[in-house]
Amino acid sequence: MTDPPFERWIESLEKRHLAALSFPEVRKGLQALSSLYVERRGRIGSGAVFDGAGKRAAFALFFGPLHYLTVREIVSSVGASSPPPRRIVDLGCGTGAAGAAWAVSAGGVPELSGVERSGWAASEARATYADLGLRGRATSGDLLGERLPAAEGGILLGWVVNELESAARDALLPRLLAAAARGARVLVVEPIASRPVPWWPAWTDAFTRAGGREDLWRFPSSLPPLLALFDKAAGLDHRVLTARSLWLPGAR
């Protein structure tokens, strides 16, 4: 699937993040991020993902586009963009890639509202929206304090629910279900875990009882040349993109 806005965004990311850092520096940051996600997940919530220039560049330049490609496929598969939501609230938006994928898939119609604890990531999300020609804002703050949309709105949590404290996660679930009952569409995306994730069965049960669905995804990928080069240099293999999701279409 060709995606001209995505291709232009990749070019912008390359210009910005490789202007001050060399390819080996970003590759080293990518390897550190990969190790953090696989072996030291307990440090993610403390902000370790963004604690160095190399890791920040790797997250924006590599993992952001991977999240975009993955969410684009999920949104298409579950029909999340028909009809286009008027507004998408991206909770824990990171660099804005996942929410942007949904908005682009919906023809650029939705207005984006991203909230992210990291000020750097929120700033990067604003650049993502601008590069992709999307309307929206991204702010630094607590995702639990964000006002959720109702009818004709979308709510996205991409790769963030597992990083929340248990109390925050428990407080968030009923708010999402209530928003869906008012008409909002809710999409939760997480990695396919190699170890048990205690909260996932309860969330799956709540979503399915409310009329939603759980999915496991494996999408063949065709990475842009720069991403493919980083993927190989860092000893990774993203020829197939994987994720799992919970989807609630919202009351009609």
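Quick one: in segment 227-245, which of the residues that are touching a residue at least 40 places away in the same chain (Cβ under 8 Å) and closer than 17 Å to Glu190 by Cβ is surrounded by the fewest Cβ atoms within 10 Å (Cβ to Cβ)? Residue satisfying both the conditions and the ranking: Thr242. Note on segment 51-78: residues that are over 13 Å from Ser221 (Cβ atoms), in contact (Cβ under 8 Å) with a residue 60 or more places away in the chain and surrounded by fewer than 23 Cβ atoms within 10 Å (Cβ to Cβ) amount to 3. When segment 8-24 is filtered for residues that are farther than 19 Å from Ala125 by Cβ and in a helix (DSSP H, G or I), the ones remaining, listed by number, are Phe23, Pro24. For segment 200-241, a tally of residues being in contact with a Lys or Arg (Cβ under 6 Å, 6 or more places away or on another chain) and either in a strand (DSSP E or B) or under 30 Å from Leu173 (Cα atoms) (or both) returns 2.
Residues in segment 82-137 that are assigned to a loop (DSSP other than H, G, I, E, B), of a type in the set (Ser, Thr, Tyr) and under 16 Å from the mean Cα position of the chain (by Cα): Thr95, Ser118.
Annotation: of all residues in segment 128-155 being farther than 13 Å from Ala179 by Cβ and touching a residue at least 60 places away in the same chain (Cβ under 8 Å), the one that is surrounded by the fewest Cβ atoms within 10 Å (Cβ to Cβ) is Gly133. A residue that is on the phi > 0 side of the Ramachandran plot, at pLDDT 95 or above and touching a Phe, Trp or Tyr at 6+ places or on another chain (Cβ under 6 Å) occurs nowhere in segment 167-189. All of (1) exposed (fewer than 12 other Cβ atoms within 10 Å of the Cβ); (2) modelled with pLDDT of 95 or more hold for Ser35 with one exception: (2). Yes or no: Val197 modelled with pLDDT under 95 and either among the β-branched types (Val, Ile, Thr) or assigned to a strand (DSSP E or B) (or both)? Yes, satisfied.
The values are calculated or read from the model by the stated rules, or taken from the named source; none is laboratory data. The structure presented is a predicted model; accordingly, all values stated were derived computationally and were not measured. So basically every Cβ, Gly included, is an ideal-geometry build from the backbone, and we count neighbours across all protein chains shown.
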